[in-house]
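The values are calculated or read from the model by the stated rules, or taken from the named source; none is laboratory data. All figures in this text were calculated on a predicted structure; none of them were measured in a lab. So basically every Cβ, Gly included, is an ideal-geometry build from the backbone, and we count neighbours across all protein chains shown. Only protein heavy atoms, including side chains, enter the accessible area calculation; ligands, DNA and RNA are left aside. Shrake-Rupley method; radii C 1.70, N 1.55, O 1.52, S 1.80 Å.
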Amino acid sequence: VLTDATDLRAALTDAIRLIIEGITDPEVQALRNVMTGELRRFPDLGRTWRQRGPVRFAAYFADWLREQTALGRLDVPDPEVAVVQFYGLSVYPHLVAGSFGESLPRDLADRLVTSAVDMFLARYGPTCQMSELPGE
């Protein structure tokens, strides 16, 4: 989704929707909850889960942010922080709800995606300067 991104807003929206679709799949949620419950007995299980999923995509996303910054399309001084921020705005609410066996209402999930992308681009768009942010 991010590879041939000509429209940053659309690319980020599509990418985050795909991630959310994957993490909210009932089978994935069930497996994640079982894995989480077994972490004390099998700590390698958690490391393997993270390395094959979240860590791998976070690294890919950080590299993409670096590329977009080099092209002048974004201004992301710390891609690792930006990835966590973007996930915090969009993905983590689904993980929290899923850990309790619930899902976010569809309209709230849609608003979270839209506002996450808006906030991310407002902060990291090429024309944003830290001195322009409120409170600075």
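Measure off, as a whole percent, the carbon and sulfur share of the 1.4 Å-probe accessible area of the chain, all protein chains present. Roughly 58 percent, rounded to a whole number. Computing volume of the Cα convex hull per residue in Å³ for the structure here picks out one of [x] 288; [y] 118; [z] 126, namely [z]. Magnitude of the charge dipole for the chain, about its Cα centre and with charges confined to Cβ atoms of Lys, Arg (+1) and Asp, Glu (-1), is about 480 debye. Between 0 and 90 degrees, the angle of helix 106-124 with respect to the longest Cα principal axis of the chain falls at about 40 degrees. With all protein chains kept in place, the per residue accessible area of region 1-100 amounts to 62 square angstrom at a probe of 1.4 angstrom. I'd like the orientation of helix 26-37 relative to the chain: the angle between its Cα long axis and the longest Cα principal axis, in ° from 0 to 90, rounded to 10. Approximately 70 degrees, to the nearest ten. For the listed peptides 55-63, 41-49, a ranking on the average number of other beta carbons within 10 Å per residue, highest first, reads 55-63, 41-49.
For the charge dipole of region 1-57, defined by +1 on Lys and Arg C-beta atoms and -1 on Asp and Glu C-beta atoms about the Cα centroid, which residue among Thr48, Gln29, Ile16 has the Cα displaced farthest towards the positive pole? Going by the Cα projections, it comes out as Thr48.
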